[in-house]
Every structure is written in structure tokens, then in C-alpha cells.
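Visitor: My questions will all concern the structure given below.
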Amino acid sequence: MKPVSLDVSIVDRRGARLSFNLKPGMSVALIGSDGTGKTTAAAMLAEHLSKAGIACERHHWYRWFQAALFVPVAVLLNRRRKAAVKIFDRTIFDNLATWRLSFAGLAAAGIDRCYPRFDVVVYFVATPEAIVRRRPEIEIDDARSALKLYGEIGSALRLVGLDEITLTSR
């Protein structure tokens, strides 16, 4: 019996597009600075999967040890069990930016070589002004610094940043 799957397409306001197919056993990482829309996108994706009858689990683990230890185990177990699509709206890559490491891009490239690979990685960006508007507790200079670090991480992982997305599925 063929497993159920869902074709997903994400388009941002500039026309950048990311398309992928999801089925149980796969994992999706949503990375980006606070205020770029990761949690909103996770909810939208979970809703599309649910409507298609595909089990999914959302994880939002903030602490570094959760991202470093629990996420890889969850990814590998899910890949083996094929029980659900796992959506992570916080990963070790987010921790690298949060720690404000001057070598975040280099660290991301190293981690990418030894960390279990996500099946899909979506990288979110926004203007510093949009981040502050969405998350008023974030200072504009902090938003700029975070975006710079995420830019280094995105470059190291060869990702294209998406801003203000629309998600569709079939």
C-alpha cells in the first residue's frame, strides 16, 4: 500500500518558491530569527497535513540541549517508524544564532555534516522593522544582529530566505 503524501508549495512576497512532498517519516525544519513567521508557518503546515489526513507533530524546543539531543533522536526515530511528519520550528541552527557566535556560519556547516539531515529546511527572513512590529520586545539593533547571523547560517547551508509566505498544498 502506497503511503499518503502531500505536495506543498511555499511562495514568498517576492515570488521565491519552495516546493516539496511530505509523507509520514519525514521531518521539516523551520529556521529563522524570532518574528520571521516560523511558528505561524508551522501551524499552517500542520493544518494542511491534518486536512490531508496525514499525522503530524509540531515541536518547539528552545533550549540548546533539546535541539542538540532530542531533535536528532526524534528525526531518526520518526524516519524509522514513519508515524508522522515532524515539524520543528526551532533547531540547533537557531541556537547558533541565539548564542551570537561570530562563527555561526562555520558552526552551521560543521553541524550540517554530522547532524541527522532534515528532509526539508525552510529558512525565514524579514526586515528588522517587520520583526520589531511582530515582536515588540525585540530591539531593532538586536533584530539586525540576528538577521546577520541567520544570513551566515543560511549561506552556509545554501538556503534561500523566504519572507511573508503563502502556503498551498494538493
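The values are calculated or read from the model by the stated rules, or taken from the named source; none is laboratory data. Every value quoted in this text rests on a predicted model; they were computed, and no experiment measured them. Every residue, glycine as well, gets a Cβ built from its backbone with ideal geometry; the counts of neighbours run over all protein chains shown. Remember, those area values only see protein heavy atoms, side chains included, never the ligands or the DNA or RNA. Shrake-Rupley method; radii C 1.70, N 1.55, O 1.52, S 1.80 Å.
Visitor: Could you please report the charge total around Ala68, scoring K, R as +1 and D, E as -1 over all other residues with beta-carbon less than 13 angstrom from its beta-carbon?
Guide: Values: positive: Arg63, Arg90; negative: Asp94.
Charge balance near Ala68 sits at +1.
Visitor: On to the next question. If you place +1 on the Cβ of every Lys and Arg, -1 on the Cβ of every Asp and Glu, and leave all else neutral, what size is the dipole of the chain about its Cα centre, to the nearest 20 Debye?
Guide: Numbers: 25 positive and 17 negative charges, 161 e Å.
With only Lys, Arg, Asp and Glu charged at Cβ, the dipole is about 780 debye.
Visitor: First compute the accessible area of the stretch 1-134 with a 1.4 Å probe, then give the percent of it belonging to carbon and sulfur atoms.
Guide: Numbers: 3890 of 6790 Å².
Accessible surface attributable to carbon and sulfur in the stretch 1-134 totals 57 percent.
Visitor: What do you get when you divide the Cα radius of gyration of the stretch 2-89 by 2.2 N^0.38 Å, with N the number of residues? Provide the component values of the computation, followed by the final result.
Guide: Numbers: Rg = 13.3 Å, N = 88, 2.2 N^0.38 = 12.1 Å.
Normalised by 2.2 N^0.38 Å, the Cα Rg of the stretch 2-89 equals 1.10.
Visitor: Top mean-square fluctuation among Arg135, Arg14, Arg90, Gaussian network model of the chain, C-alpha springs under 10 Å?
Guide: Most flexible of the set in this elastic network: Arg14.
Visitor: Hand me the chymotrypsin sites (Phe, Trp or Tyr not before Pro) from the stretch 103-170 located in a DSSP loop with no more than 13 other Cβ atoms within 10 Å, in residue order please. Display every interim value, and only then the final one.
Guide: Values: sites: Phe103, Phe118, Tyr123, Phe124, Tyr150; in loops: Phe103, Phe118.
In loop regions of the stretch 103-170 (DSSP not H, G, I, E or B), the sparsely surrounded chymotrypsin sites (Phe, Trp or Tyr not before Pro) are Phe103.
Visitor: Using +1 at the Cβ of each Lys and Arg and -1 at the Cβ of each Asp and Glu in the stretch 62-107, identify which of Asn78, Ala67, Ile92 lies farthest towards the dipole's positive end.
Guide: Asn78
Visitor: Suppose we keep just the DSSP beta bridges with both residues in the stretch 9-88; what percent of those would be antiparallel, to 5? Display every interim value, and only then the final one.
Guide: Numbers: 3 of 10 bridges.
If we restrict to bridges inside the stretch 9-88, about 30 percent are antiparallel.
Visitor: Next up: To the nearest 10 degrees, how steep is helix 38-51 against the longest Cα principal axis of the chain, on a 0 to 90 scale?
Guide: Between helix and principal axis, roughly 10 degrees.
Visitor: Regarding the stretch 113-170, what are the three Cα extents along the principal axes, ordered largest first, in Å?
Guide: If we take the Cα atoms of the stretch 113-170, the spans are 33, 33, 16 Å.
Visitor: Over the chain, with the other protein chains present, what is the accessible area per residue in square angstrom, probe 1.4 angstrom? Let's see the in-between values first.
Guide: Details: 9000 Å² over 170 residues.
That works out to 53 Å² for each residue.
Visitor: Using a 1.4 Å probe, how large is the accessible area of Lys148, given in Å² and rounded to the nearest 10?
Guide: 140 Å²
Visitor: Pairs to check: Lys51/Lys82; Lys38/Lys86; Lys38/Lys82. Give those whose C-alpha atoms are more than 22 Å from each other in this structure. Write down the numbers at each step before the final one.
Guide: Numbers: Lys51/Lys82 18 Å; Lys38/Lys86 14 Å; Lys38/Lys82 24 Å.
Flagged as over cut-off: Lys38/Lys82.
Visitor: Calculate the radius of gyration of the Cα atoms of the chain to one decimal place, then report Dmax, the largest Cα-Cα distance, as a whole number, both in Å.
Guide: Radius of gyration, then largest Cα-Cα span, for the chain: 15.5, 53 Å.
Visitor: Multiply the residue separation of Asp7 and Ala130 by 0.36 nm, subtract the distance between their alpha-carbon atoms, and state the gained length in nm to one decimal. Mind dumping the intermediate values first?
Guide: Values: separation 123, 0.36 × 123 = 44.28 nm, distance 2.92 nm.
Fully extending the segment from Asp7 to Ala130 adds 41.4 nm.
Visitor: What's the local net charge at Phe93, with K and R +1, D and E -1, over the other residues with C-beta under 14 Å away? Show your work: numbers first, answer last.
Guide: Working: positive: Lys38, Arg90, Arg100, Arg113, Arg117, Arg158; negative: Asp34, Asp89, Asp94, Asp112, Glu152.
Once positives and negatives cancel, what remains is +1.
Visitor: Relative contact order for the stretch 20-170: what is it in percent, counting Cα pairs under 8 Å that are at least 6 residues apart? Don't skip to the answer; put the middle values down first.
Guide: Numbers: 246 pairs, mean separation 52.0, N = 151.
Across the stretch 20-170, relative contact order equals 34 percent.
Visitor: Using Cα atoms only, what is the angle between the long axis of helix 104-114 and the major principal axis of the chain, expressed in degrees (0 to 90) to the nearest 10?
Guide: Rounded to the nearest ten degrees, it is 20.
Visitor: Could you calculate the contour length gain from Cys114 to Val73, that is, 0.36 nm times the residue separation minus the distance between their Cα atoms, to one decimal place in nm? Can you show the working numbers first?
Guide: Values: separation 41, 0.36 × 41 = 14.76 nm, distance 1.31 nm.
In short, 13.4 nm is gained.
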